[in-house]
Amino acid sequence: MSQKFSGKRAYRFLKKIGFIRFAGSSGELEASKIIAESFRKMGYSVDIEEFKIWSYRIIEAGLEVLEPNYRKIPCRGVGLTGSTSKDGVVDELVYVEDGGKRFLVKDKIWLYYGGLDAEKYREIVKYKPKALIRVEENPSRNPAFTDMPVEWWKYGKIPMIRVKYSDAYRLMRLRKAKIRVKLIQNEFETLSRNIVAEKVGIKYPDEVIIIGAHYDSEYGTIGATDNAGGIAVMMELARIFSLKQNMRTIRFIAFGAEELGLRGSRNYVKIHERELEKVKLMVNIDVQGSGIGRISAIISGGDDIKNYIEILGKELGISIRVSQGIASSDSTSFAWKNVPSISFSRSGGPTFFMHTEKDDFRHVDPFGLELSGMLIESFLNRIVNAVEYPFKREIPENVKKNIKEYFEKRMGIEMK
Ligand SMILES: [Zn+2]
């Protein structure tokens, strides 16, 4: 079989897992089986590592204007934010912008525009809004599928729904609107799993390079680019590396439940904490496949890695947007435990519809998969087989600060 990265072959794999793979659902389980089976067929030794997560099912989400004039407004429930009573909550609507102090009032139902992090959420909860209506920031997007980190539960729960920007604007202009918000959901503990496939290095078996991608999708989307595309690239890389010798150990990991707060990678670094010393580098692949697009690499590591990627881009004639910092993805769980990491992504048309039902096959193309694949393959070839491992084990102070903020401020996780 060919040792060349094939975008077409990767695309076929993407299609194979092109169904909803929401964490904790039967779709996620089905995808894990397909991935594990493919690794085994390539000759890898495969481990399946299960872990507990909280997942949910939205039963009903509704938004009605009761006064001044009755109308129904389409909305989407936000997962893991609890439920209203079965008749919903009724109150006056207030527009609170992005939660600046001058807008905040006790109770009511809030129309909220902007992002939320743990810090902000903790403040908001003190005002006890009966429900939060979140506004989709991009006017061209339908309400996204989102969920709240369970770490925020300790502050209290506020039922949340999301609406389109245009609908939110209509609501905002109403005077003294009385509205009803209904959200009914099941929240339950269940299992997700990481699929770990390894091929031991023939010369430096104790030096490990991890290549990872999450295979779960958000609730209600097939996540063609996020991240069936990343899995497709990873599986094609695994196929190529199964056909040739590797000096260092390569370990491919398909992570579960990334969308619910990096659950898979956080579980992995927790249960393997002692062995992480052997891991030289974690290469993460998240968001891939846009036909028209551009490639980015976020380095949670030193200047040496950054320079190396930039030069490799020149060598291959592919312009790469290289930056140092953190990606909101599984690479950050590793950087948190002092394993330098890189996250490769390809953004383009479909990525503007990420976490909506429009992240589908429409604008996904073998070409996009092949370009990323070729680049990551060249990089891995060098790193896995270098006579001396080229990079320092270093996370710069500013990146450490990003990591701390990400987990503490945004996710609400206490760091040791
Ligand atoms: Zn993703």
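A few comments on the model shown:
- Among the GluC sites (Glu not before Pro) found in the stretch 26-106, those both in a DSSP coil and sparsely packed, with 15 or fewer other Cβ atoms within 10 Å of their Cβ, are E97.
- For the chain, the longest principal axis of the C-alpha atoms and the axis of helix 230-242 are separated by about 10°.
- Taking the centroid of alpha carbons for each part, the stretch 343-416 and the stretch 300-341 are 8 Å apart.
- Where only DSSP H runs of four or more residues are counted, the chain gives -8500 deg cm²/dmol as its mean residue ellipticity at 222 nm, each run worth -39500 (n - 2.57).
- Euclidean distance of C-alpha centroids, the stretch 1-35 and the stretch 136-170, integer Å: 29
- Two-decimal Rg to Rh for the stretch 176-324 - Kirkwood Rh, Cα set: 1.06
- Taking 0.36 nm per residue of separation and subtracting the current Cα-Cα distance, fully stretching the chain between K15 and E119 would add 33.5 nm.
- For I318, no residue whose modelled amide H falls within less than 5 Å of its own remains once neighbours fewer than 5 places apart on the same chain are excluded.
- Given charges at beta-carbon only (K, R positive; D, E negative), |dipole| of the stretch 58-187 in Debye: 440
- Of all DSSP beta bridges in the stretch 294-416, antiparallel share, percent nearest 5: 60
- For the stretch 58-187: rounded, prolate or oblate by the Cα gyration tensor [a/c cutoff 1.5]: rounded
- Remark on N284: its backbone amide H falls under 5 Å from those of G212, I342, S343, F344, a criterion applied only to residues 5 or more positions apart or on other chains, H modelled at 1.01 Å from N.
- Using C-alpha pairs below 8 Å separated by at least 6 residues, the relative contact order for the chain is 21 percent.
- Helix 7-16 and the longest principal axis of the C-alpha atoms of the chain enclose an angle of approximately 50°.
- Antiparallel bridges, percent of DSSP beta bridges restricted to the chain (to nearest 5): 55
- Values of log10 I(q)/I(0) for the chain across q = 0.14 Å⁻¹ run -1.22, by the Debye formula with one identical scatterer at each alpha carbon and no solvent.
- Test item: Cα-centred dipole of the chain, Lys/Arg +1 and Asp/Glu -1 on Cβ, debye: 700
- Integer Hz, Karplus 6.51/-1.76/1.60 couplings in order for the stretch 294-310, x for Gly and Pro: 8, 9, 10, 9, 9, 9, 9, x, x, 4, 4, 5, 4, 4, 4, 5, 4
- Each DSSP beta bridge with both residues in the stretch 58-187 is either parallel or antiparallel, and the antiparallel ones are about 55%.
- Each Cα pair under 8 Å and six or more residues apart adds its sequence gap; the mean of these over the residue count of the stretch 58-187 is a relative contact order of 43 percent.
Only the coordinates and a few stated rules stand behind these numbers; no lab work does. As the structure is a prediction and not an experimental result, all values here were calculated from the model. Cβ: placed from backbone, ideal geometry, glycine included. Neighbour counts: every protein chain shown.
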